[in-house]
Amino acid sequence: MQKQLVAVSVVAILATGGAAIASPGHAPGQGHGHAAETAYGKPGDPKKPARIVQVTMREADGKMLFVPDRIEVRRGEQIKFVLRNNGELDHEIVLATLAENLKHMEEMKKNPDMEHDDPNAKRLKPKTTGEIVWHFTKAGEFDFSCLIPGHRESGMHGVIIVK
């Protein structure tokens, strides 16, 4: 009986660890109904007040851009990112640490059709809109990037400074 319990425990640990490996760059607990805190904050509560920050995605002069590409936030502030893809291509925004986004960018090169619709990420077709509500609980510099292969390298990234 005790061996079976240990085996079940090991399977449960591997199953939860496997979920994190299957979606590198995603915040822990995403897609599982948890409001997991990350190094860059946690999913916001859409029922609570939030400062609106509009972010436009587009292509121009051979580059891919976020406008704005620098956002300043106060620690503890909840932000509602109102997203608009004004470009001719699909684009996404992924909020994370720079290290997490660079690691996830490499995974996206292996699986370019991976789409994001997580609390910290949203993929948009051309001429569509979306939103992310995020609560910035920790000070620091964080990244937002389009991780579709070639897009970040073409200039589609920005910084969020939490003071």
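The numbers here are math on the coordinates, done by the rules we state, and not lab data. Keep in mind that this is a model prediction, so the values were computed, not measured. Positions of Cβ are generated from backbone atoms using ideal geometry, with glycine treated the same way; all protein chains shown enter the neighbour counts.
Numbers for the structure displayed
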read-out: FRET E, pair Met114, Ala39, Förster distance 22 Å, beta-carbon r, rounded to 0.05; value: 0.50
read-out: Shape call, the stretch 72-163: gyration tensor on alpha carbons, a/c limit 1.5; value: oblate
read-out: Proxy reagent accessibility, fewest Cβ within 10 Å first, across Lys103, Lys80; value: Lys103, Lys80
read-out: Simple spin-label estimate for Ser154 and Lys63 in nanometres, 7 Å along Cα-Cβ; value: 1.4
read-out: Those lysines that a straight Cα-Cα span of less than 19 Å connects to Lys127, excepting residues fewer than 8 apart in one chain; value: Lys63
